[in-house]
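The structure appears right after this line, and notes come after that.
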Amino acid sequence: MSLSAGPFALSLNVVLLMLAFFTALLVGWLSGRRREVSVEPALSNMLFLGILGARVGFVLLYFGDYLEQPWSMLDIRDGGFSLPAGLVVAIAVGIFYAWRRAALRAPLGIAFAAGAGTWAATAGIIGVMYASQANLPALTLTALDGEEVPLEQFEGRPMVVNLWATWCPPCRREMPVLAEAQQSEDGIAFIFINQGEGPHTINQYLEEEQLALGNVLLDRSSSTMRQLGANGLPSTYFFNANGELVDTHFGALFSASLKSNLQSIKP
């Protein structure tokens with residue numbers, strides 16, 4: 001779900017998009033050079049307007065949630081993008097360029113196919129890799145009161161497993177959204193697994209922020225991060241009632257992006 005480079009971590013979706021785009025640029029440059037045309041402007045506009053279209057499509061889909069905080073429509077850190085809307089816009093931009101200039105049609109089409117093929121192939125391989133280990137880890141963690149809690153006890157209903165820490169700004173930003181969802185989504189188990197901190201630090205944070213969280217567990221050795229392959233915080237995992245991983249989210253969750261992810265595990 002993410003790749004780390006020193007202290008930085010990038011969402012895997014962003015990495016795959018960059019890889020696909022640079023593949024399209026390379027193939028488009030090679031193909032266009034033979035025809036003495038440049039496809040870079042067309043590909044760049046397809047990417048930019050496609051991302052914009054994907055964001056607008058997602059915002060329209062969850063418009064009611066964004067109305068509570070209209071500024072959040074511009075905050076793309078929530079990862080809210082509609083892939084179908086983005087593809088429609090990108091293809092429409094490509095068709096416009098091809099219609100305006102016949103010499104661009106072949107190299108632009110080849111470049112787009114190469115980029116799309118790269119994205120589909122890499123995403124498919126990663127999906128297969130995740131599917132082979134996409135189960136809830138068999139871990140026993142400690143609650144704030146010192147009681148040992150096996151994660152298996154939450155199986156039987158959909159689960160949201162959030163990995164977080166009090167020192168992590170995006171974690172603090174998303175926690176009120178998750179706390180509200182825990183209160184309103186009765187059929188889903190929300191589990192907050194703190195990474196590396198003690199009960200005093202966590203209780204102090206919850207009290208200061210006036211957050212009433214249930215199922216707060218301690219993972220002093222960060223073993224959950226290792227078993228789930230997380231490279232940064234916050235990382236959120238969405239499991240179905242059988243304990244199978246269905247969806248993931250790296251970075252802060254907003255109301256709309258959380259609602260979108262919850263759709264994948266609701267019966």
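A short reminder: the numbers here are calculations on the coordinates, not readings from a lab. Just so it is clear, the model here is predicted, and its values are computed rather than measured. Methodologically, a virtual Cβ is constructed for each residue, glycine included, from the backbone with ideal geometry; neighbour enumeration extends over all protein chains shown.
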Query raised in the report: Using 0.36 nm per residue, how much length does the chain from Glu155 to Ala212 gain when fully extended, once their Cα-Cα distance is taken away?
Result: 18.3 nm
Query raised in the report: When the Debye formula is applied to the Cα atoms of the chain, each taken as the same point scatterer, what base-10 log of I(q)/I(0) results at q = 0.09, 0.10, 0.17 Å⁻¹?
Result: -0.49, -0.59, -1.32
Requested in this report: Please give the length that would be gained between Ile125 and Arg77 if that part of the chain were fully extended, namely 0.36 nm times their separation in residues minus their C-alpha to C-alpha distance (nm, one decimal).
Outcome: 14.7 nm
Requested in this report: Just grab the label-to-label distance for Thr201 and Ser221, each label 7 Å out from Cα along the Cβ direction, in nm (one decimal).
Outcome: 1.8
Query - Distance from region 201-267 to region 54-91 (C-alpha centre basis), Å - result: 22
Query raised in the report: What residues have an amide H closer than 5 Å to that of Phe190, excluding those fewer than 5 places away on the same chain, when H is modeled at 1.01 Å from N in the peptide plane?
Result: Val160
Query raised in the report: So between Ile95 and Arg33, what do we pick up on full extension, going 0.36 nm a residue minus the alpha carbon distance?
Result: 20.3 nm
Query raised in the report: In whole Hz, what ³J(HN,Hα) sequence does region 207-215 give by Karplus (6.51, -1.76, 1.60; θ = phi - 60°), x for Gly and Pro?
Result: 5, 4, 8, 6, 9, 9, 9, x, 6
Query raised in the report: Taking Cα pairs under 8 Å and at least six residues apart, what relative contact order does region 15-101 come out at, in percent?
Result: 33
Report summary line: Between Ala106 and Glu147, the two model label points (7 Å from Cα along the beta-carbon direction) sit apart by a distance in nm of 7.1
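So for region 104-177, averaging the separation of alpha carbon pairs under 8 Å that are six or more residues apart and normalising by length, what relative contact order in percent results?
14 percent.
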